[in-house]
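Colleague: Provided herewith is a single structure, encoded as structure tokens, for subsequent inquiry.
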Amino acid sequence: MLSAQEKFDISGHPRLLLTAGEEEGISRMIAADPAMAKVHDGIVAECDRMLVLPPLERVMEGKRLLHTSREALKRIFWLSYSYRMTGKEAYAERAIDEMMAVCAFEDWNPSHFLDVGEMVMAVAIGYDWLYDRLTSLQKQTISDAIMEKGFIPADDEDYAGFYNLANNWNQVCCSGLLYGALATYEEHPDISRELADLYVKSVPFALACYAPDGGYPEGFNYWGYGTSFQVMMIAALESALGTDYGLSEAPGFLDTASFIQFMTTPGGECFNFSDSSPMTVCNPMMFWFADRKDDPSIIYLERRMVESMPDDFMKDVERRFTEYRLLPALLIFASRVNMSGINTPREHFRLFEGKTPLFVYREGWTSENDAYLGIKGGSPMTSHAHMDAGSFIYEYAGVRWSMDLGMQNYHSLESRGVDLWNQEQHGQRWEVFRLGNEAHSTLTLNGDHHLVRSFVPIVETWTENSRKGARLDMTGALGDAVTMAERSVWLDRRNRLHVEDRLMSDDDAVEVMWVMTTPAHAHIAADGSIMLEKDGKRMRLKMVVSPDGTTVVSPHVWSNDPPHDYDAPNPGTCRVGFTFTLPARCNADASALLYPF
């Protein structure tokens, strides 16, 4: 690792991500590649629109300044990129105006330190990339702001809790601060060395979450956030110092690109467990992984996303790219990848065994009609987790039949006084409809929440054509009502869905609620099965409980209308499933089958 006493072998400006002369590689790429040229042209055109906007002001949204910090990062990064690629002075001048505006803020809201992390990265990139365009006074102003509004509050114990966190906060805050230390090295070399040492030594707490195999416990959306800033940190260390001090060799980190590939479903959405929306977006950092691993198949899906974007993709750029404000990084990293022959990924099964165990089967990579099954274990105690252990995503014939409602916007809850971040057993977080277990495709016993301090492991997997899926031990999540609970979720040779729950009750009878959340139209048939229809396709869901006669199974179609005024609406969705009473001291198997007809 770094040493505060060690002299940096640091490159000159520009030193962050894209060193002097590397613009030529991007120019050659966009001249030969229409898809990459579309991204480049979109960034430059957007910068033309920025030229007439008023500079940013310090506007809070609830407890956050984050939306302003993110807009600052977008404007300064994009404008600086456009200046370096085109030489147009107006872009540099406007980027400098934005830097001077945010440096005049009273602070960058250290009480929510993500806001600081992104703001420091913004002004650090502008400072480094436009170093020769800045006056001495501007350099001093920016450097002082990074020190006073970034480094100093990061040393305050009231704000510095991110250092030991094993999640995206660590990655974002440390990455942004590191950019500040590397960019302003000449102004205070001793302090920059000391701080860079601190940030590099802190981020392994977060890197540990990728072990052992690249799974990311916070889900698709937060992979995009945490991993994007992690890659930005590593890339800046390499460009400025020639080494990443072994950060990229953390167990599982270089394998995590496979996580995003397998979280993306044939239908074009994602396996959106925890605080994730179902929307799939292009992840620019996948191009870095493709370069680092010398494996262009890593960007097979990303490349297709870019190629399919309309020419006016900038109208909704936030919905097309994760961490859109870092979009120039896509072009930087893509310029180093041989994209002449990108093969389809070879694997069809993945087991992720980390903090959030997952099993995924993806029938193929080329057709939206390919079958897909994703199964989740884990714990509600994981950062941004829901009570969704035992839930599953299932796609068949181009339709997502079992779904997750996804996250709800934080501000919509916090602004109504919801205690969203209380993860205790009776915390209000679990009363939010989308976050509790009753809204997920899993089991609920006696109407109770899953146990917060529990962990559901995947204990067996199957990868034969006749049986593709996994078995989970649900016992710990379901409380004292049962002495054993195992769930097996699998697809047969024809990719029909089987969900088998083996339950053993204790001394009292147990009310069992079996749920599958779906976007399909549903109704109950005369024989007690449930008929599902979507996009002209039809499926039948039925359940059998054995030993035969143990209990009466009742089919249900439940509304997803919000139970509280703070809950988000869930239009076009419902929950289907079954309820039954498990007698005391009874061992029973509940077998559900979902199949086309």
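The values are calculated or read from the model by the stated rules, or taken from the named source; none is laboratory data. Not measured: the values here are computed from a predicted model. Because the Cβ atoms are built from the backbone with ideal geometry, glycine has one as well, and the counts that use them run over all protein chains shown.
Colleague: Just to check your reading of the model, which residue among L503, L491 is under 30 Å from the mean Cα position of the chain (by Cα) and at pLDDT 95 or above?
Modeller: L491
Colleague: Working only within the stretch 404-414, note down all residues that are touching a strand residue (DSSP E or B) at 6+ places or on another chain (Cβ under 9 Å) and in a loop (DSSP other than H, G, I, E, B).
Modeller: D404, L405, G406
Colleague: Still on this structure, please answer the following. Residue check: is F313 under 23 Å from S80 (Cβ atoms) and not acidic (D, E)?
Modeller: The answer is yes for F313.
Colleague: Continuing with the same structure: Residues to consider are R471, R429; find the one that is free of Cβ contacts under 8 Å to residues at least 60 places away in the same chain, closer than 20 Å to D404 by Cβ and in the same structural domain as D404 (by TED's automatic domain parsing). It would help to see each step written out before you state the result.
Modeller: Details: R471 fails: closer than 20 Å to D404 by Cβ.
Step by step, each of R471, R429 is checked, and only R429 is free of Cβ contacts under 8 Å to residues at least 60 places away in the same chain, closer than 20 Å to D404 by Cβ and in the same structural domain as D404 (by TED's automatic domain parsing).
Colleague: State all residues of the stretch 360-370 that are buried (at least 17 other Cβ atoms within 10 Å of the Cβ) and in a loop (DSSP other than H, G, I, E, B); if no residue qualifies, say none.
Modeller: To start, the set of residues in the stretch 360-370 that are buried (at least 17 other Cβ atoms within 10 Å of the Cβ) comprises 360-363, 365, 370.
Matches in the stretch 360-370: E363, W365, D370.
Colleague: Any chance the stretch 529-545 includes a residue that's of a type in the set (S, T, N, Q), closer than 17 Å to G577 by Cβ and assigned by TED's automatic domain parsing to the domain that holds E368?
Modeller: Within the stretch 529-545, one or more residues are of a type in the set (S, T, N, Q), closer than 17 Å to G577 by Cβ and assigned by TED's automatic domain parsing to the domain that holds E368.
Colleague: Among residues belonging to the stretch 173-199 that are touching an Asp or Glu at 6+ places or on another chain (Cβ under 7 Å) and of a type outside the set (D, E, K, R), point out the one that is surrounded by the most Cβ atoms within 10 Å (Cβ to Cβ).
Modeller: Across the stretch 173-199, the extreme among qualifying residues is G176.
Colleague: Just one of (1) crowded, with 24+ Cβ neighbours inside 10 Å; (2) in contact with a Phe, Trp or Tyr (Cβ under 9 Å, 6 or more places away or on another chain) trips up G390, so point out which.
Modeller: All conditions are met except number (2).
Colleague: Which of the numbered conditions does F359 fail, given that it passes all the others? Conditions: (1) within 18 Å of the chain's Cα centre (by Cα); (2) aromatic (F, W, Y); (3) closer than 27 Å to A236 by Cα.
Modeller: (3)
Condition check ((1) surrounded by 15 or more Cβ atoms within 10 Å (Cβ to Cβ); (2) touching a residue at least 60 places away in the same chain (Cβ under 8 Å)) across all residues:
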{"site": "V544", "(1), (2)": "no, no"}
{"site": "V557", "(1), (2)": "yes, no"}
{"site": "H564", "(1), (2)": "no, yes"}
{"site": "R575", "(1), (2)": "yes, yes"}
{"site": "P583", "(1), (2)": "no, yes"}
{"site": "L594", "(1), (2)": "yes, yes"}
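Colleague: In this structure, is T141 more than 29 Å from the chain's Cα centre (by Cα) and in contact (Cβ under 8 Å) with a residue 60 or more places away in the chain? Reasoning before the result, please.
Modeller: On the way: more than 29 Å from the chain's Cα centre (by Cα): yes; in contact (Cβ under 8 Å) with a residue 60 or more places away in the chain: no.
Against the criterion (more than 29 Å from the chain's Cα centre (by Cα) and in contact (Cβ under 8 Å) with a residue 60 or more places away in the chain), T141 does not qualify.
Colleague: Please name all residue pairs, on different chains or six or more residues apart, with Cβ atoms under 7 Å, provided the first residue is in the stretch 226-247 and is without any contact (Cβ under 8 Å) to a residue 12 or more places away in the chain and the second residue is outside any loop (DSSP other than H, G, I, E, B) and of a type in the set (D, E, K, R).
Modeller: Short answer, once both residue conditions are applied: D244/E238.
Colleague: Could you identify the single residue in Y179, Y222, Y210 that is at pLDDT below 95 and under 23 Å from F333 (Cβ atoms)?
Modeller: Y222
Colleague: Within the stretch 201-214, does at least one residue satisfy the condition of being assigned by TED's automatic domain parsing to the domain that holds D128, over 24 Å from H384 (Cα atoms) and buried (at least 20 other Cβ atoms within 10 Å of the Cβ)? Steps first, please.
Modeller: Filtering the stretch 201-214 for residues assigned by TED's automatic domain parsing to the domain that holds D128 gives 201-214.
The next check asks that each one be over 24 Å from H384 (Cα atoms); those that pass are 201.
Next, only the ones that are buried (at least 20 other Cβ atoms within 10 Å of the Cβ) stay: none.
Looking through the stretch 201-214, none of the residues is assigned by TED's automatic domain parsing to the domain that holds D128, over 24 Å from H384 (Cα atoms) and buried (at least 20 other Cβ atoms within 10 Å of the Cβ).
Colleague: Contact list please: Cβ distance under 7 Å, first residue in the stretch 43-59 and in the same structural domain as M85 (by TED's automatic domain parsing), second residue surrounded by 12 or more Cβ atoms within 10 Å (Cβ to Cβ) and among the basic types (K, R), pairs at least six apart or on different chains.
Modeller: M50/R75; M50/R94; L51/R94
Colleague: Quick one: in the stretch 87-109, which of the residues that are buried (at least 20 other Cβ atoms within 10 Å of the Cβ) and touching a Phe, Trp or Tyr at 6+ places or on another chain (Cβ under 8 Å) is nearest to R64 (Cα to Cα)?
Modeller: V102
Colleague: (1) within 30 Å of the chain's Cα centre (by Cα); (2) under 20 Å from A329 (Cα atoms): which one isn't true of R49, the others all being true?
Modeller: Against the list (1) within 30 Å of the chain's Cα centre (by Cα); (2) under 20 Å from A329 (Cα atoms), R49 comes up short only on (2).
Colleague: Sticking with this one: Out of the stretch 483-509, which residues are within 13 Å of A584 (Cβ to Cβ) and surrounded by fewer than 22 Cβ atoms within 10 Å (Cβ to Cβ)?
Modeller: T483, M504, D506, D507, D508, A509 - these are the residues of the stretch 483-509 that are within 13 Å of A584 (Cβ to Cβ) and surrounded by fewer than 22 Cβ atoms within 10 Å (Cβ to Cβ).
Colleague: Of these, L237, L254, L247, which one is of a type in the set (A, V, I, L, M) and more than 22 Å from K355 (Cα to Cα)?
Modeller: L237
Colleague: Right, here's the next one. Out of all the residues in the stretch 257-264, is one or more surrounded by fewer than 19 Cβ atoms within 10 Å (Cβ to Cβ) and in contact (Cβ under 8 Å) with a residue 24 or more places away in the chain?
Modeller: no
Colleague: Another question, if that's okay. Among the residues of the stretch 567-597, what is the count of those that are among the charged types (D, E, K, R), in contact with an Asp or Glu (Cβ under 7 Å, 6 or more places away or on another chain) and outside any loop (DSSP other than H, G, I, E, B)?
Modeller: The qualifying residues number 1.
Colleague: Just a yes or no: is a residue in the stretch 335-348 more than 14 Å from V231 (Cα to Cα), basic (K, R), surrounded by fewer than 20 Cβ atoms within 10 Å (Cβ to Cβ) and within 20 Å of the chain's Cα centre (by Cα)?
Modeller: Scanning the stretch 335-348, I find no residue that is more than 14 Å from V231 (Cα to Cα), basic (K, R), surrounded by fewer than 20 Cβ atoms within 10 Å (Cβ to Cβ) and within 20 Å of the chain's Cα centre (by Cα), so the answer is no.
Colleague: A follow-up question, please. Please state which of the following conditions V44 fails to meet, knowing it meets all the rest: (1) assigned to a loop (DSSP other than H, G, I, E, B); (2) surrounded by 14 or more Cβ atoms within 10 Å (Cβ to Cβ).
Modeller: (1)
Colleague: Determine if the stretch 461-478 includes at least one residue that is over 29 Å from the mean Cα position of the chain (by Cα) and surrounded by 22 or more Cβ atoms within 10 Å (Cβ to Cβ).
Modeller: no
Colleague: On to the next question. So which of D244, D275 is closer than 22 Å to D404 by Cα and either in contact with a Lys or Arg (Cβ under 6 Å, 6 or more places away or on another chain) or of a type in the set (D, E) (or both)? Before you say what the answer is, go through the steps one by one.
Modeller: On the way: D244 fails: closer than 22 Å to D404 by Cα.
Just a single option satisfies the conditions, and that option is D275.
Colleague: For D275, state whether it is assigned by TED's automatic domain parsing to the domain that holds S297, touching a Gly at 6+ places or on another chain (Cβ under 7 Å), buried (at least 19 other Cβ atoms within 10 Å of the Cβ) and of a type in the set (D, E).
Modeller: yes
Colleague: Only one residue in A290, A371 is closer than 30 Å to T243 by Cα and touching a residue at least 12 places away in the same chain (Cβ under 8 Å). Which one? Break it down into steps so the answer makes sense when it comes.
Modeller: Working: A371 fails: closer than 30 Å to T243 by Cα.
None of the others qualify; the one that does is A290.
Colleague: If you don't mind, another one. State whether the residues of the stretch 393-403 include one that is among the charged types (D, E, K, R), surrounded by fewer than 20 Cβ atoms within 10 Å (Cβ to Cβ), under 22 Å from R493 (Cβ atoms) and touching a strand residue (DSSP E or B) at 6+ places or on another chain (Cβ under 8 Å).
Modeller: There is no residue in the stretch 393-403 that is among the charged types (D, E, K, R), surrounded by fewer than 20 Cβ atoms within 10 Å (Cβ to Cβ), under 22 Å from R493 (Cβ atoms) and touching a strand residue (DSSP E or B) at 6+ places or on another chain (Cβ under 8 Å).
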